[in-house]
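Enquirer: Below: one structure in structure tokens.
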Amino acid sequence: MTSVQTHSPDPATWTRGPVADIFSSYVAATALSSAQELGLLDRLAETGAAPFGNGGDERLNDEVVQSVYRALHWAEVVEIKDEETVVTGPAFDAAFAARGYFYWLVRGCGEAFSEAPRLALEEVRSGAFYRRDMRAVAIGSRLIGDGEVEALFDEILARTPVRKIADLGCGSGQRLVRVAGRHPEARCVGVDISSASVRLATDAAREAGLGERMTVHQGDVLRLEPRPEFAEVDTVSCVFMGHDFWPYDSCVATLERLRRVFPRAERLVLCDVVRTQEVPRADTPIFQLGFETIHALMGVYLPALEEWHKAFAEAGWRCDAVHSTTTPPNGYLFELSPATRN
Ligand SMILES: C[S@@+](CC[C@H](N)C(=O)[O-])C[C@H]1O[C@@H](n2cnc3c(N)ncnc32)[C@H](O)[C@@H]1O
């Protein structure tokens, strides 16, 4: 038997510095996600200051809220002024802009990340072998798409008026609510496989007072069948779920199916984050490592950009334009139309 020689580095090299920072960063990431859900970030964004603690809100434990602020202070997102007040710190604006990524990562995917050793076992990898909080995934995705992706949508839909839009994997439903607000004649239909997302989107439609103008259906986009409410759809959108169409043959089959299910569709606006080919490095952007790792854990294939183009061509969709996005990094929005009329 050979004995393993271990060399213990001087504790001074890891009790402070980069390795210690990895540890504290994890806690700060969970604090950002918690602060988002508890409304602490919104409050600071509105007023610039908040009480250091629950501020008299007896529903919240004072010490827990303080511990969230302490972790955010470490990350320079807030500054604890004295034992009574918290103000925004130098990293606040950037962290606020990125809050959706943290909420997606921690609240949406945290359980699956912490379960990685189990998910690595081939014998467990079938059926419903992992769990994610799909409500949090949907809310995080909405925040991630707010801004650049939504602005692109507004621009594209403004070019040709939309009469009826179907959003596939509609998540929070906010895109449809937004389209309905900007296009008063438009009708909207959402489809999502998750009951949590369907509830969220249904509530969003009700809160916006959309009545019969917006309906939400629970269904698997990969197995969608024609329905009367799909017959008049002229615009199909699909944001941050296209990778669920894959692997290749399944993607081509789903893209072909969409042409049958939405026979009057004049355009398909598909936006997703693609797989990068490079090894992560110091300048790897936000999201990439989390997005690629979680899909490996879940066993979901992520296509690269050129694979999408091949699938569009084979499935009879013409790619009229491609827009790359900065937020999310490695994101692409494809404007597609049927290559031939149905
Ligand atoms: C990352 S979220 C994106 C949500 C939304 N499109 C957005 O832009 O905010 C992906 C959504 O797709 C849904 N989804 C995943 N696979 C699906 C499938 N096969 N059929 C229908 N919905 C699906 C998930 O439940 C989730 O709500």
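The values are calculated or read from the model by the stated rules, or taken from the named source; none is laboratory data. Computed from a predicted structure; not experimentally measured. Because the Cβ atoms are built from the backbone with ideal geometry, glycine has one as well, and the counts that use them run over all protein chains shown. Areas reflect the complete protein model, heavy atoms only, side chains present, ligands, DNA and RNA absent. Shrake-Rupley method; radii C 1.70, N 1.55, O 1.52, S 1.80 Å.
Enquirer: Could you compute how much accessible surface residue 111 exposes when probed at 1.4 Å, giving the result in Å² to the nearest 10?
Expert: Counting only protein heavy atoms, residue 111 exposes about 90 Å² to solvent.
Enquirer: Using a simple spin-label model with points 7 Å from Cα along the Cα→Cβ vector, what separation in nm is obtained for residue 278 and residue 249?
Expert: Calculated label separation equals 3.5 nm.
Enquirer: Specify whether the C-alpha gyration tensor of the chain places it in the rounded, prolate or oblate class, a ≥ b ≥ c being the square roots of the eigenvalues: rounded for a/c under 1.5, otherwise prolate if a/b is larger than b/c and oblate if not.
Expert: Numbers: a/c = 2.17, a/b = 1.43, b/c = 1.52.
Oblate.
Enquirer: Sticking with this one: Give the residues of segment 12-51 whose amide nitrogen is closer than 14 Å to a point set 7 Å from the Cα of residue 60 in the direction of its Cβ.
Expert: 31-51
Enquirer: Further, regarding this structure: Determine the distance separating the Cα centre of segment 162-194 from the Cα centre of segment 20-87; give it in Å without decimals.
Expert: Between the Cα centres of segment 162-194 and segment 20-87 lies a distance of 34 Å.
Enquirer: In debye, nearest 20: dipole of the chain around its Cα centre with unit charges on the Cβ of K, R (+) and D, E (-)? Display every interim value, and only then the final one.
Expert: Details: 35 positive and 49 negative charges, 243 e Å.
Here the chain has a charge dipole of around 1160 debye.
Enquirer: To continue, here is another question. Using R₀ = 51 Å, calculate the FRET efficiency as 1/(1 + (r/R₀)^6) where r is the Cβ-Cβ separation of residue 339 and residue 43; round to 0.05.
Expert: Values: r = 50 Å, r/R0 = 0.99.
Between residue 339 and residue 43 the formula returns 0.50.
Enquirer: I've got another one for you. Just to confirm, what accessible area per residue do you get for the chain at 1.4 Å probe, in whole Å²?
Expert: Values: 17840 Å² over 342 residues.
For the chain, the solvent-accessible area averages 52 Å² per residue.
Enquirer: Note down the accessible area of residue 244, probe 1.4 Å, to the nearest 10 Å².
Expert: Roughly 70 Å² of residue 244 is accessible to a 1.4 Å probe.
Enquirer: Looking at the chain only, what percent of DSSP beta bridges run antiparallel? Nearest 5 please. Write out the running numbers ahead of the final one.
Expert: Working: 20 of 39 bridges.
Given both bridge residues lie in the chain, the antiparallel proportion sits at roughly 50 percent.
Enquirer: If you don't mind, another one. Please find, in a Gaussian network model of the chain (springs between Cα atoms separated by less than 10 Å), the residue of 121, 222, 157 whose mean-square fluctuation is greatest.
Expert: Among 121, 222, 157, the largest GNM mean-square fluctuation belongs to 121.
Enquirer: Once the Cα atoms of helix 248-261 and of the chain are each reduced to a long axis, what angle between those two axes, in degrees from 0 to 90 to the nearest 10, is obtained?
Expert: The two axes meet at around 50 degrees.
Enquirer: Compute the convex hull volume of the Cα atoms of segment 44-191, divide it by the residue count, and report the result per residue in Å³ as a whole number. It would help to have the intermediate numbers written out before the result.
Expert: Numbers: hull volume 26.4 nm³, N = 148.
About 179 Å³ per residue, rounded to a whole number.
Enquirer: In nm, what is the difference between 0.36 nm times the number of residues separating residue 223 and residue 10 and their Cα-Cα distance? Walk me through the numbers on the way to the answer.
Expert: Details: separation 213, 0.36 × 213 = 76.68 nm, distance 5.77 nm.
Full extension from residue 223 to residue 10 adds 70.9 nm.
Enquirer: Right, another one. Kindly state, to the nearest 0.05, the FRET efficiency for residue 85 paired with residue 310, given R0 = 51 Å and r defined as their beta-carbon distance.
Expert: 0.35
Enquirer: I've got another one for you. Leaving out ligands, DNA and RNA, and with a 1.4 Å probe, what % of the accessible surface on the chain is carbon or sulfur?
Expert: Numbers: 9340 of 17840 Å².
With neighbouring chains kept in place, the figure for the chain is 52 percent.
Enquirer: With a cut-off of 13 Å, note down the residues of segment 20-60 whose backbone N falls inside the zone around a label point 7 Å from the Cα of residue 114 toward its beta carbon.
Expert: 27, 30-31
Enquirer: Compute the distance in nm between two label points, each set 7 Å from the Cα along the Cα-to-Cβ direction, one at residue 125 and one at residue 323.
Expert: Inter-label distance under the simple model: 3.6 nm.
Enquirer: Roughly how much of residue 301 is accessible, in Å² to the nearest 10, using a 1.4 Å probe?
Expert: For residue 301, the solvent-accessible surface is approximately 90 Å².
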